[in-house]
Protein chains: 2
Amino acid sequence: MANEKKIDCVILGLLSHEELTGYEIKKRMDKTLKYFWGASYGSIYPALSDLVNCGLATKREGTENKRNKLIYTITDAGRSYLKEWLALPVQKDELRYETLLKLFFGNEQNTEQALSHIKAFEEKIKKELPYLLEAEKALKDYLDEDTAHKYYLITVEFGVKTYRTYLEWCEEAKKILTDSEE
Amino acid sequence: MANEKKIDCVILGLLSHEELTGYEIKKRMDKTLKYFWGASYGSIYPALSDLVNCGLATKREGTENKRNKLIYTITDAGRSYLKEWLALPVQKDELRYETLLKLFFGNEQNTEQALSHIKAFEEKIKKELPYLLEAEKALKDYLDEDTAHKYYLITVEFGVKTYRTYLEWCEEAKKILTDSEE
DNA sequence: TGCATTATATATCAAACTGATATATAATAA
DNA sequence: TTATTATATATCAGTTTGATATATAATGCA
């Protein structure tokens, strides 16, 4: 396991808190991590097999019912591996916004089209922001319940602050386009 | 060319302004688009071949010197394809920040480590912000020279605004961690 | 009670992309 | 003269996405 695959580290990070199935890992990620780190089943399930093969996690079958439920648990080696990765410097922070890409080539389309891309972006942000604010409130209310909460709060604050800035930018961007229209 | 590959659209967007070699496309992207859309040679060169095969671009050899320089030009079909893509709604805007990922799992490391990830992020942003401010000034000064400039300005403004917010967030994040230290 | 839908759950795969590497020449700096 | 940097194309293993297939359990509703 010298390959330093990000998906392995994410999964180990989630397993460090509680044992989970692949399906639950995907759900946890879609709920909280998706704002800064996404993952698909196509990466999660093979990674879980790799983790077990390398001794960083163990697999056992769930017994509650007959369903094919496979529960994964982190091992001591897995915890060590996670800690080592956390200590390494960050390799890459990447933004991949198709909205900005289409706006960059705005001169090849008409102003209305560019404006509609900005508006769609604005609506998406306005729709997601309440969830971040809700999470922010919950974490602030129960900050002392768990030492992990302040770390979650830091990432949520990132989302709240950037999303508010995005909305300000939308206003400015629309203004730049409509002012030059006259 | 029904596959709707992003790299094809980016290249056509750049070629819509001027004819370029693969190397020049990579340089243009690293200079201006990298803040919201990256690309590697491993995607650029195969995409250029595909574009020629599909009649969306033409290829000719540069004659200035003996070097193996291949210059690509957009065709009318290429312009149509680009315009069609620009008219389609945005599929995905994605953030992938390893810094936030490591901070999210901050409870598994010590506070000093988490703080050092924030500081490294802060330094990287502080180093890049001047380039954005420079671009912002240049575009504002020559906004009327080219109708494309206002679109470039919009994307630069996004960078300037978000980067300033990032720096505010760094202060807040450090405060959350140090306040809980006492 | 029956039927449809949604949630749970695992698994695979083609297509896309990255990061690294290989190769070679031209221009510039020491 | 030599070393380094810039120009330029090309390929490939490894990683990830997005879609799809499959199957059962739970829930809603008529």
A:ARG67 being more than 10 Å from every other protein chain (Cβ to nearest Cβ), modelled with pLDDT under 95 and within 16 Å of DNA strand D (Cβ to nearest atom): yes
Subset of region A:8-24 (residues that are within 12 Å of DNA strand C (Cβ to nearest atom) and either of a type in the set (S, T, N, Q) or within 12 Å of the chain's Cα centre (by Cα) (or both)): A:THR21
Yes/no for B:ILE7 being surrounded by fewer than 21 Cβ atoms within 10 Å (Cβ to Cβ) and either part of a loop (DSSP other than H, G, I, E, B) or of a type in the set (A, V, I, L, M, F, W, C) (or both): yes
Flag if A:LYS102 is of a type in the set (Lys, Arg), buried (at least 19 other Cβ atoms within 10 Å of the Cβ) and either facing chain B (nearest Cβ under 8 Å) or out of contact with any Lys or Arg (no Cβ under 7 Å at 6 or more places or on another chain) (or both): yes
Yes/no for B:SER80 being outside any strand (DSSP E or B), under 24 Å from the mean Cα position of the chain (by Cα), more than 14 Å from chain A (Cβ to nearest Cβ) and without any contact (Cβ under 8 Å) to a residue 40 or more places away in the chain: no
B:ALA173 closer than 20 Å to B:GLU18 by Cβ and either in contact with a Pro (Cβ under 6 Å, 6 or more places away or on another chain) or at the interface with chain A (Cβ under 8 Å from one of its Cβ atoms) (or both): no
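Okay, residues lined up against (1) touching a residue at least 40 places away in the same chain (Cβ under 8 Å); (2) outside the structural domain of A:HIS17 (by TED's automatic domain parsing); (3) not aromatic (Phe, Trp, Tyr):
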position	(1), (2), (3)
A:LYS126	yes, yes, yes
A:LEU129	no, yes, yes
A:TYR142	no, yes, no
A:THR147	no, yes, yes
A:VAL160	no, yes, yes
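So that you can scan it fast, the table gives a plain yes or no per residue for (1) under 30 Å from A:CYS54 (Cβ atoms); (2) out of contact with any Ser or Thr (no Cβ under 6 Å at 6 or more places or on another chain):
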{"position": "A:ILE74", "(1), (2)": "yes, no"}
{"position": "A:ARG79", "(1), (2)": "yes, yes"}
{"position": "A:GLU84", "(1), (2)": "yes, yes"}
{"position": "A:VAL90", "(1), (2)": "yes, no"}
{"position": "A:GLY106", "(1), (2)": "no, yes"}
{"position": "A:GLN109", "(1), (2)": "no, yes"}
{"position": "A:GLU112", "(1), (2)": "no, yes"}
{"position": "A:GLU122", "(1), (2)": "no, yes"}
{"position": "A:GLU134", "(1), (2)": "no, yes"}
Selection within region A:121-148 - aliphatic (A, V, I, L, M) and within 25 Å of A:GLY13 (Cβ to Cβ): A:LEU132, A:LEU133, A:ALA135, A:ALA138, A:LEU139, A:LEU143, A:ALA148
The lone exception for A:ILE74 - which of (1) within 14 Å of another protein chain (Cβ to nearest Cβ); (2) within 12 Å of DNA strand D (Cβ to nearest atom); (3) among the hydrophobic types (A, V, I, L, M, F, W, C) it fails: (2)
Test: residue in region A:164-174 that is among the polar types (S, T, N, Q) and part of a helix (DSSP H, G or I): yes
Selected residue (criterion: nearest to B:LEU95 (Cα to Cα)) from residues of region B:51-69 that are surrounded by fewer than 17 Cβ atoms within 10 Å (Cβ to Cβ) and in contact (Cβ under 8 Å) with a residue 24 or more places away in the chain: B:CYS54
Residues of region B:25-52 that turn out to be away from chain A (no Cβ under 12 Å) and either within 18 Å of the chain's Cα centre (by Cα) or within 13 Å of DNA strand C (Cβ to nearest atom) (or both), as a count: 17
Top-ranked residue of region B:18-58 - restricted to ones that are part of a helix (DSSP H, G or I) and among the hydrophobic types (A, V, I, L, M, F, W, C), ranked as farthest from DNA strand D (Cβ to nearest atom): B:LEU33
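The values are calculated or read from the model by the stated rules, or taken from the named source; none is laboratory data. Nothing here was measured: the structure is a model prediction, and the numbers come from that model. Virtual Cβ from ideal backbone geometry, glycine too; neighbours counted across all protein chains shown.
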